[in-house]
Amino acid sequence: MDIDSTEAFRRARAWIAQAGDHIIGGERVPGRGVGIPVIDPASEEQIGAIAAGDADDVGAAVQAARDCFRSPAWRDMAPAAREGLLLRLADLVEREAPVLAAIETLDNGVPYPMALAMAGKGGPSAIRYNAGWARRLGGEEVTPSVPGRWHAYTVNEPVGVAALIVPWNAPLAIACNKVSAALAAGCTAVLKPAELAPMSCIRLVELAHEAGFPAGAINLVDGTGIAAGAELAAHPGVDKISFTGSTATGQGIMRQAAQRITRISLELGGKSPVVVFDDANLARAVPGVGMGIFANSGQVCAAGSRLFLHDAIYGRFMEQLCAFAAGLKVGPGSQQGAMIGPLISAPQRDKVSAYVAGAVAEGARVAFRGDVPAGPGFFHPLTILDQVDPAMRAVREEIFGPVLCVMRFYGDETLEALMQRANDTEYGLSAYGWTTSLERAQVMARHLRAGSVKINGSGMEFALPFGGFGQSGLGRENGRAGVLAFTEPKAVMIGY
Ligand code: NAI
Ligand code: MG
């Protein structure tokens with residue numbers, strides 16, 4: 001789509017103002033009663049409204065997904081046809097990226113260039129990656145040892161109706177991932193976007209219909225976590241829940257799922273360590289560490305929020321990191337040059353501020369505190385705290401904001417002891433290391449307890465599984481594991 005960003009924002013606003021319905025069985029279904037306001041966190045203005053879904057809406061969406069799952073049109077669709085539909089969806093997302101990105105920026109505050117990268121590159125790339133699995137999910141043949149003559153094999157069948165519950169921090173990217181994995185596996189789905197940033201998910205489901213997915217293959221119910229999300233997670237017609245969000249909500253979903261042994265995948269919070277050695281390439285490590293915590297205003301589950309810095313480079317690194325942070329322009333995501341946007345909401349901003357205030361009251365030092373634009377918007381200054389204690393709440397809990405806690409380590413500390421400090425968290429989503437020593441890289445890769453370990457870099461690779469140890473979650477997304485999570489293995493023995 002060859003349009004400039006001004007035109008993209010104009011189209012996005014016009015679309016948001018009239019969208020906000022559920023999408024059930026291929027049809028727009030308006031909400032009943034009072035809707036939920038859609039707020040632009042950079043201006044604090046209402047730019048639209050979504051339906052406040054309830055048990056009836058959830059019931060209708062699950063029924064539509066179940067009907068489609070049982071229909072020959074979906075059940076007997078050739079894997080190559082499913083792959084083709086997903087590839088077409090990826091093309092549509094890519095084509096529509098300028099407007100989709102503007103929708104995301106207006107709804108959750110992410111700076112436009114980052115939204116554009118997710119809509120134009122990350123999203124389509126994830127969908128295309130998963131599309132390829134539609135034709136490659138075959139099982140295996142086994143030669144039985146029990147008496148008799150048998151043909152024995154396994155089949156990876158779609159688990160059924162998948163509930164996809166998405167958070168507000170990167171809704172389009174997360175929805176592209178979940179939707180394409182579920183559909184590639186042959187499931188049908190009900191998507192429940194976050195009430196704080198639902199719009200890009202709604203547009204994605206519209207595009208899926210434009211791509212030609214049959215009515216009911218992918219449905220969407222708007223609404224709050226309590227009224228729509230919890231109803232969906234508890235619905236007996238749901239076979240699998242794929243949830244991304246807070247650990248507390250994930251725990252509630254796991255408890256619910258126990259009632260009917262509903263399958264679950266949980267992508268939850270993190271408090272990821274970053275270890276920078278004195279032999280690190282600082283020209284790469286400084287921006288890597290800086291963007292690792294400040295990108296998307298720190299509202300990233302895999303954010304590197306606990307920095308362990310080698311004593312020999314402590315002063316130099318901190319100086320460069322603070323200078324890097326000072327150079328990151330904070331402002332409305334639609335504004336030219338803004339690299340960091342607002343937080344999603346006033347409560348989220350206040351929660352982040354409270355963590356900072358708490359740490360300072362306990363003796364932490366504010367090594368850096370950036371500026372925020374005057375005027376409206378849920379902005380929080382970029383903040384670097386040092387002289388922190390590992391027992392502080394700001395060091396232990398997921399802040400989900402632009403706050404980095406820095407700790408020091410010394411050259412005489414054993415790698416083992418250092419890894420124990422890095423692993424001293426209930427979470428285990430990601431871990432990062434910066435070193436040019438192969439030896440240290442190998443030791444870190446082996447000893448860091450996290451679902452993803454990245455040495456000398458960051459970012460998402462769809463071919464690799466993503467998920468957490470400990471309270472960071474259960475199961476994996478991405479990679480082969482991410483699609484298999486929407487399947488049920490069936491063992492078949494045929495005697496002859
Ligand atoms: P949340 O985890 O409650 O919300 C995520 C999604 O779950 C939303 O779609 C929401 O509507 C839905 N949901 C909420 N309650 C539900 C329930 N009982 N059953 C089913 N679905 C439910 O996160 P929330 O309340 O938006 O933010 C709270 C805190 O969680 C944030 O301040 C942040 O610290 C953290 N968070 C972490 C995320 C991560 O990726 N690690 C993502 C979002 C929030
Ligand atoms: Mg919003």
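Computed on the stretch 1-144, with alpha-carbon pairs under 8 angstrom and 6+ residues apart, the relative contact order is 25 percent.
Sorted from fewest to most neighbouring beta carbons within 10 Å, what does the list Tyr112, Tyr427, Tyr410 look like? All intermediate terms of the calculation are to be shown ahead of the outcome.
Details: Tyr112 23, Tyr427 28, Tyr410 10.
Least to most surrounded, the residues fall as Tyr410, Tyr112, Tyr427.
When the helices of the chain are scored as -39500 (n - 2.57) per DSSP H run of n ≥ 4 and the total is divided over every residue, the value at 222 nm lands at -12000 deg cm²/dmol.
Stokes-Einstein at 4 °C, 1.567 mPa s, Kirkwood radius from Cα pairs: D for the stretch 250-391 in µm² s⁻¹? All intermediate terms of the calculation are to be shown ahead of the outcome.
Numbers: Rh = 17.0 Å.
For these conditions, the coefficient is 76 µm²/s.
Computed from the Cβ-Cβ distance with R0 of 22 Å, the FRET efficiency linking Ala283 to Leu415 stands at 0.35. Taking amide hydrogens as placed 1.01 Å from N in the peptide plane, the amide H of Glu488 sits under 5 Å from those of Glu157, Val159, each at least 5 positions away in sequence or on another chain. For the stretch 249-299, the spherically averaged projection of the C-alpha convex hull amounts to 5.2 nm². Protection proxy ranking, highest mean first, for peptides 223-229, 101-107: 101-107, 223-229, where packing is the per-residue count of other beta-carbon atoms within 10 Å, averaged.
The stretch 212-290 gives an Rg/Rh value of 1.23, both radii derived from C-alpha positions and Rh following Kirkwood.
Amide H contacts of Ala52 (H built 1.01 Å from N, in plane; Pro and chain starts excluded): Arg32, Ile36 sit under 5 Å, all sequence-distant by 5 or more or on other chains. Annotation: the stretch 76-190 has a Kirkwood hydrodynamic radius of 15.8 angstrom, from the mean reciprocal C-alpha pair distance.
For the stretch 363-380, the Karplus equation 6.51 cos²θ - 1.76 cosθ + 1.60, evaluated at θ = phi - 60°, returns couplings of x, 5, 9, 7, 7, 8, 9, x, 9, 10, x, 5, x, x, x, 8, 7, 10 Hz by residue, with Gly and Pro reported as x.
Fully extending the segment from Ser71 to Glu426, taken as 0.36 nm per residue of separation minus the present Cα-Cα distance, adds 123.4 nm.
Determine the sum of side-chain charges near Thr249: Lys and Arg each +1, Asp and Glu each -1, restricted to other residues whose C-beta is under 13 angstrom from that of Thr249. Overall, the nearby charge balance is -1. Restricting to Cα pairs below 8 Å that are 6+ residues apart, what does the relative contact order work out to for the stretch 183-327? Please round to a whole percent. Averaging sequence separation for qualifying contacts and normalising by length gives 17 percent for the stretch 183-327.
Taking every full run of DSSP H in the chain, the ones that stretch at least 15 Å from end to end by Cα along their long axis and average 0.0 or higher on the Kyte-Doolittle scale are 79-95, 97-108, 171-184, 199-211, 282-294, 314-326, 346-361. A cut-off of 5 Å between modelled amide H atoms, ignoring neighbours fewer than 5 places along the same chain, links Gly26 with Gly216.
Legend: distances between Cα atoms for Lys240/Lys271; Lys329/Lys454; Lys121/Lys271; Lys240/Lys490; Lys271/Lys454; Lys192/Lys240; pairs beyond 25 Å are Lys240/Lys271; Lys329/Lys454; Lys121/Lys271.
Estimated from the Cβ-Cβ distance and a Förster radius of 35 angstrom, the FRET efficiency linking Asp371 and Leu464 is about 0.40. Note on the chain: semi-axes of the ellipsoid equivalent to its C-alpha gyration tensor, largest first and rounded to whole Å, are 38, 29, 20.
Karplus-based coupling profile of the stretch 158-163, in residue order and whole Hz: x, 6, x, 8, 9, 8, with θ = phi - 60° in 6.51 cos²θ - 1.76 cosθ + 1.60 and x standing for Gly or Pro.
Using C-alpha pairs below 8 Å separated by at least 6 residues, the relative contact order for the stretch 438-487 is 25 percent. The peptide list 273-281, 303-311, 171-179, 251-259, put in order of mean Cβ contacts within 10 Å with the highest first, becomes 171-179, 303-311, 273-281, 251-259.
Among 10-19, 209-218, 326-335, what's the highest-first ranking by average C-beta atoms within 10 angstrom per residue? If you can, show how the numbers build up before the last one.
Numbers: 10-19: 16.6, 209-218: 20.3, 326-335: 18.7.
Going by the mean number of other Cβ atoms within 10 Å, highest first, we get 209-218, 326-335, 10-19.
Counting 0.36 nm for each residue step from Lys490 to Arg149 and taking away their Cα separation leaves a gain of 120.8 nm. What Kirkwood radius, in Å to one decimal, follows from the Cα pairs of the stretch 1-142? About 17.5 Å, per the Kirkwood formula over Cα pairs. 3J(HN,Hα) along the stretch 484-496: 4, 5, 9, 10, 10, x, 10, 9, 10, 10, 10, x, 8 Hz, from the Karplus curve 6.51 cos²θ - 1.76 cosθ + 1.60 with θ = phi - 60°, whole Hz, x for Gly and Pro.
Segment Lys351..Asp311, full-extension length gain: 11.3 nm, with 0.36 nm per residue of separation and the alpha-carbon distance subtracted.
Readers should treat all values here as calculations from the given coordinates under stated rules, not as data from a laboratory. Remember, predicted model here, so these are calculated numbers, not experimental data. Virtual Cβ from ideal backbone geometry, glycine too; neighbours counted across all protein chains shown.
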